[in-house]
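J.: Dropping a structure here in structure tokens format, bear with me for questions.
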Amino acid sequence: MYKEKGLLIVLSGPSGVGKGTVCKALREQKKEILYSVSATTRNPRPGEEHGVHYFFKSKEEFEQMIEKNELLEWAEYVGNYYGTPLGYVQNSINEGKDVILEIEVQGAMQVQKNFPEAIFIFLAPPSLSELRNRLTTRGTETEDIINHRIQVAKEEMDMMDSYDYVVENDSVLAACERIHAIVVAEHCKRSRIQKKYKQILTEVED
């Protein structure tokens with residue numbers, strides 16, 4: 001019996017655009033969507049569980065994953081490795097489950113090379129002034145850092161051509177509705193369900 005595969009949904013965009021907030025809200029609304037669990041070499045923080053919050057790896061284990069091409073993407077940050085295990089994503093998708101990966105733009109470009117069949121969604125701010133306001137409201141960064149993030153955001157927004165869809169995050173609820181609509185539409189694509197109906201026709205003929 002034919003079983004439809006799930007989708008890998010890659011959500012990325014500039015720092016401060018609200019990727020984490022939208023992703024969290026989407027998962028709360030659509031509990032059937034799995035969150036991609038990353039691998040890291042940093043030590044677990046209180047309350048974090050292996051396989052739930054992260055796959056905790058030694059540096060040697062992580063570097064072996066890199067050598068064996070077992071990561072969709074990876075990066076080194078403040079002396080620790082972070083990455084997305086291909087096996088977890090592939091197994092979930094083969095089970096028919098949709099997986100969402102919240103990631104920075106550079107990481108999304110790595111995923112595009114390693115898993116081009118994923119659905120790439122760029123989360124955009126209503127305007128750069130609104131993005132600056134959101135970064136300022138955080139109250140965690142200096143004016144120089146905010147200016148740098150805005151400059152990087154301009155460069156990242158120029159990379160929209162590499163994405164399948166652009167969703168404006170004017171409100172979290174509206175952004176979630178648009179992303180859900182994209183997921184539903186992707187599941188209805190002829191290319192995704194054609195095998196199912198070809199099998200049905202074969203069963204009828206038999």
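The values are calculated or read from the model by the stated rules, or taken from the named source; none is laboratory data. This is a predicted model, so every value here is computed, not measured. To get the accessible areas, we keep the full protein, side chains included, count just its heavy atoms, and leave off ligands, DNA and RNA. Shrake-Rupley method; radii C 1.70, N 1.55, O 1.52, S 1.80 Å.
J.: Considering only DSSP beta bridges whose two residues both sit in the chain, what percent are antiparallel, to the nearest 5?
T.: Rounded to the nearest five, the antiparallel share is 30 percent.
J.: Relative contact order for the chain: what percent, with Cα pairs under 8 Å and sequence separation of 6 or more?
T.: Computed over the chain, the figure is 31 percent.
J.: Can I ask one more? Looking at the P(r) of the range 97-206, how many percent of alpha-carbon pairs lie beyond 15 Å?
T.: Taking all Cα-Cα pairs of the range 97-206, the fraction more than 15 Å apart is 73 percent.
J.: Can you give the Kirkwood hydrodynamic radius of the range 94-133 from its Cα pairs, in Å with one decimal?
T.: 12.3
J.: Tell me, what is the 1.4 Å probe accessible area of Lys19, in Å² to the nearest 10?
T.: The accessible area comes out at roughly 20 Å².
J.: Using only alpha-carbon positions, what ratio does the radius of gyration of the range 147-202 give when scaled by 2.2 N^0.38 Å?
T.: Computed over Cα atoms of the range 147-202, the ratio equals 1.73.
J.: Does the range 4-53 classify as rounded, prolate or oblate by the C-alpha gyration tensor (a ≥ b ≥ c root eigenvalues; a/c under 1.5 gives rounded; else a/b over b/c gives prolate, otherwise oblate)?
T.: Because a/c hits 1.5 or more and a/b fails to exceed b/c, the range 4-53 counts as oblate.
J.: When the Cα centres of the range 150-203 and the range 64-123 are compared, how far apart do they sit, in Å?
T.: A separation of 17 Å, based on Cα centres.
J.: Just one of (i) 34, 21, 16; (ii) 31, 23, 15; (iii) 29, 19, 16 is semi-axes √(5λ) of the Cα gyration tensor in Å calculated from these coordinates, so which is it?
T.: Among (i) 34, 21, 16; (ii) 31, 23, 15; (iii) 29, 19, 16, the one calculated here is (ii).
J.: Carbon-plus-sulfur fraction of the accessible area of the range 36-122, 1.4 Å probe, in percent?
T.: Carbon with sulfur: 46 percent of the solvent-accessible area.
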